[in-house]
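Participant: Pasting in a structure now, in structure tokens, and then I'll have a few things to ask.
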Amino acid sequence: MSSFQQIHNKWTLKDAEDTYGIDAWGNGYFHIDKNGEVIVTPSGEKGGSKVSMMQIMQDIRERGWSLPVLLRFEGILYSRIKAINESFRKAIKEYKYTGDYRGVYPIKVNQQQQVIEELSTYGKEFHHGLEAGSKPELIAAMAFLNDPEALLICNGYKDEEFIDLGLSARKLGINCIFVIETVQEVQLILKRSEKLGIRPVLGLRMKLSSSGSGHWKESGGDRSVFGLNTYQVMQVVDDLKAENALDCLQLLHFHLGSQLPNIRDIRNAATEACRVYCGLAQEGAPMSMLDLGGGLAVDYDGSHTNSNSSCNYTLDEYARDMVEIIKGVVDEAELKHPRIITESGRATVAYYSVLLFNILEVSKFSVAGDLPEVEENSHELTSNIHYTAKSITAKNLQESFHDAIYYRDEIRTLFRHGQIGIRERATVEEIFWYTMLKIRERMGKLRQPPRDLEDLESALSDIYYGNLSVFQSIPDSWAIDQLFPLMPIHRLNEAPTRNGIIADITCDCDGKIDRFIDKTDVSPTLPLHELKDGEDYILGAFLVGAYQETLGDLHNLFGDTNVVGIRFDEDGELEYFHELEGDTVADVLEYVEYDPKDLVRRFREMAERAVKKQVISGPERKSIMALYQEGLRGYTYHEPENA
Ligand SMILES: *Cc1c(COP(=O)(O)O)cnc(C)c1O
């Protein structure tokens, strides 16, 4: 049901849930309460402590933070780690699997210290470890992972320093494993290990012939740029044998790509990897670990399908399928059940962060209510478009649509040639939009609207200007058209009466969101409410904890947003912690090599010249300088006016 139909009936909270699909993608963390506000239950459990997003918004504003603000819910992170570990525990029990499970969190998915710190604290209970793909990540991991039972998996290209660091970590009791990505790496690792007198534990990264679908399908499969093909795997085995080091090889790793929507692809890949694992054991390597990499998907649109923004399996199904497949293949080869490792990043942190932003203004699509009259002596084409507008019926929608576009374009050409005046052109444009509105009205009643009229919905939508930068805060929405759930966090007991798209404040034509989740398809507009005078209208972008925070760029120099961590203490009281001020204007200018002090000096000199030429007075110079310096210290986003 569209919001336009709903205003005629009584709008209920159920309608709000259906419109925004929150129960489908919220995964137990996000709901709508009876006041029509979005509430968060960080434990994801019925009866768990919960809080309204509007309450949070008011609390943090009172503490002096402006929107946009990124909220991180500690409890959600814990709940996700627990869910992943428990799914595997259950599956292992169900299948009488004799190996165990160890999760590792790939740092690159959200590298912020708060995340790594909370992960290593809450992960301890499950011996959840970390995955590092670069030197900085390894260095961060070494400082936070102090659980000898947890794993530290090192992927990526490794130089001598990387290797020395990892070997030293082993010496300190950290269970650090090097995953070999290239044939050449083996020699360097063995050389350094001999030099430092520390035996490494090695894994192989396998390039599988199976590949996944989804946005990232190129990162796995034969064409993947990472990992070893079968021939290279055997080369490494032979090299290790020659160096008397085959006993170091204990793990096989593959990573098919991220956000794998189809469980069939994952099953195929796991089966292929298992065969390789068994082959390596038969070659004499003391294999004991199978690392399934990442790829565990998040159901962003709640559709539970194999579309790119969703997945056709649950976490429990994923764990059960993996355990079942590994057991089957390994039993056949009469080998011990390996320890199962996954490197699930997205599924661990996506739910953790929510971006709140306010709407600054709305540019409404509107035309005067009635069909404009045309002058007696108008051009023939003007009379034609007028006639088209008058004679729309359910049967000629498509024809009227094309006719109106044709006449409008012809009139524009005549205008360019100076053959009709500006008033006549204005009348034609007005008639044109009137026609489009009438077509849309009638289209709403059709069961199967004509395909070429689909764009009409977005052409006739309002533009809501949001106080955010898409490039900084939800870059994947721009870069790879990924969908994120987006909705107002209040007024959900009122029917939304407008359809809008969101434009950000970067002034870039790509700085917009015009694809929204929808149960059956992608929707070009989002149902939204009319702005009320003097009242905030706050939207939330949900499930933005994975990949969005650090991929973001400084487009138009909008910097990091303010960040606030939120948790419940033992007594169930709400606690704000880890408040982090977003970038100031001076901060982002420094990123691009300006020196704020130098900027002030230059500007002061210019102001002084103006005083000298008597363009401004001394006191005016003072207040202009104060404004400039204040601006440098300020937030890069739109700040509320001083009361
Ligand atoms: C990115 C990456 C991951 C994380 O993948 P998700 O789909 O986010 O779980 C895991 N392992 C490796 C090697 C990666 O490059």
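The values are calculated or read from the model by the stated rules, or taken from the named source; none is laboratory data. Since the model is a prediction, treat every value here as computed from it, not as a measurement. Heads up, the Cβs are rebuilt from the backbone with ideal geometry, glycines too, and the neighbour counts pull from every protein chain shown. Ligands, DNA and RNA are excluded from the accessible area calculation, which covers all protein heavy atoms including side chains. Shrake-Rupley method; radii C 1.70, N 1.55, O 1.52, S 1.80 Å.
Participant: Are there trypsin sites (Lys or Arg not before Pro) in segment 372-478 that DSSP marks as loop and that have at most 10 other Cβ atoms within 10 Å, and which are they? Show your work: numbers first, answer last.
Facilitator: On the way: sites: 390, 395, 408, 412, 416, 423, 425, 438, 440, 442, 445, 447, 451; in loops: 445, 447.
Sites meeting the loop and neighbour criteria: 445, 447.
Participant: Just order 169-175, 141-147 by mean Cβ neighbour count inside 10 Å, highest at the front, would you? All intermediate terms of the calculation are to be shown ahead of the outcome.
Facilitator: On the way: 169-175: 16.0, 141-147: 18.7.
For the peptides 169-175, 141-147, the packing ranking is 141-147, 169-175.
Participant: Can you tell me which of 113-121, 570-578 comes out highest on packing, and rank the rest after it, using the mean Cβ neighbours within 10 Å?
Facilitator: 113-121, 570-578
Participant: Then there is this: By the gyration tensor of its Cα atoms, with a ≥ b ≥ c the square roots of the eigenvalues, what is the shape of segment 97-349: rounded for a/c under 1.5, prolate for a/b over b/c, or oblate?
Facilitator: Details: a/c = 1.62, a/b = 1.21, b/c = 1.34.
Oblate shape, in that a/c is at least 1.5 and b/c is the bigger or equal ratio.
Participant: Counting other Cβ atoms within 10 Å, keep those with at most 10, restrict to DSSP loop, and tell me which GluC sites (Glu not before Pro) in segment 592-643 are left.
Facilitator: Numbers: sites: 593, 605, 608, 620, 630, 641; in loops: 593, 641.
Answer by residue number: 593, 641.
Participant: Moving on. If you roll a 1.4 Å probe over the chain with all protein chains in place, what percent of the accessible area is carbon or sulfur?
Facilitator: With neighbouring chains kept in place, the figure for the chain is 48 percent.
Participant: Let me ask you something else. Under the definition of Cα pairs under 8 Å and six or more residues apart, what whole-number percent is the relative contact order of segment 54-176?
Facilitator: Numbers: 136 pairs, mean separation 23.8, N = 123.
Relative contact order, segment 54-176: 19 percent.
Participant: Report relative contact order for segment 97-349 in percent, whole number only (criteria: Cα-Cα under 8 Å, sequence separation at least 6). Provide the component values of the computation, followed by the final result.
Facilitator: On the way: 521 pairs, mean separation 48.7, N = 253.
Value for segment 97-349: 19 percent.
Participant: Does segment 126-196 come out rounded, prolate or oblate, given a ≥ b ≥ c as the square roots of the eigenvalues of its C-alpha gyration tensor, rounded meaning a/c under 1.5 and, failing that, prolate meaning a/b above b/c?
Facilitator: Taking the square roots of the gyration eigenvalues as a ≥ b ≥ c, segment 126-196 is prolate.
Participant: Normalised by the residues of the chain, what does the relative contact order come to in percent, with Cα pairs under 8 Å and at least six apart?
Facilitator: Working: 1210 pairs, mean separation 99.4, N = 643.
15 percent.
Participant: Still on this structure, please answer the following. Loop-only check: which trypsin sites (Lys or Arg not before Pro) in segment 456-553 are DSSP coil with at most 12 other Cβ within 10 angstrom?
Facilitator: On the way: sites: 491, 498, 512, 515, 519, 532; in loops: 491, 515, 519, 532.
When the trypsin sites (Lys or Arg not before Pro) of segment 456-553 are filtered for loop state and at most 12 Cβ neighbours within 10 Å, 532 remain.
Participant: Further question on the same structure: On a 0 to 90 degree scale, rounded to 10, what angle separates helix 380-390 from the longest Cα axis of the chain?
Facilitator: Relative to the chain, helix 380-390 is tipped by roughly 70 degrees.
Participant: Students often get this wrong, so check it: of 10/438; 124/207; 135/327; 14/445, which have C-alpha atoms separated by over 27 Å? Display every interim value, and only then the final one.
Facilitator: Numbers: 10/438 25 Å; 124/207 31 Å; 135/327 35 Å; 14/445 23 Å.
Listed pairs above 27 Å: 124/207; 135/327.
Participant: Sort segment 61-159 into rounded, prolate or oblate with this rule: let a ≥ b ≥ c be the square roots of the eigenvalues of the Cα gyration tensor; rounded if a/c is under 1.5, and if a/c is not under 1.5, prolate when a/b is larger than b/c, oblate otherwise. Provide the component values of the computation, followed by the final result.
Facilitator: Working: a/c = 2.59, a/b = 1.35, b/c = 1.92.
Because a/c hits 1.5 or more and a/b fails to exceed b/c, segment 61-159 counts as oblate.
Participant: If the chain between residue 577 and residue 598 were fully stretched, how many nm would it gain, using 0.36 nm times the residue separation less the Cα-Cα distance? Don't skip to the end; give the middle numbers.
Facilitator: Numbers: separation 21, 0.36 × 21 = 7.56 nm, distance 3.50 nm.
Value of the extension gain: 4.1 nm.
Participant: So, one more: Sort 292-304, 190-202 by packing, meaning the average of other beta carbons within 10 Å per residue, with the highest value first. Write down the numbers at each step before the final one.
Facilitator: Values: 292-304: 24.2, 190-202: 16.5.
Highest to lowest by the protection proxy: 292-304, 190-202.
Participant: Jot down the per residue volume, in cubic angstrom and as a whole number, of the convex hull over the alpha-carbon atoms of the chain. Don't skip to the answer; put the middle values down first.
Facilitator: Numbers: hull volume 142.2 nm³, N = 643.
About 221 Å³ per residue, rounded to a whole number.
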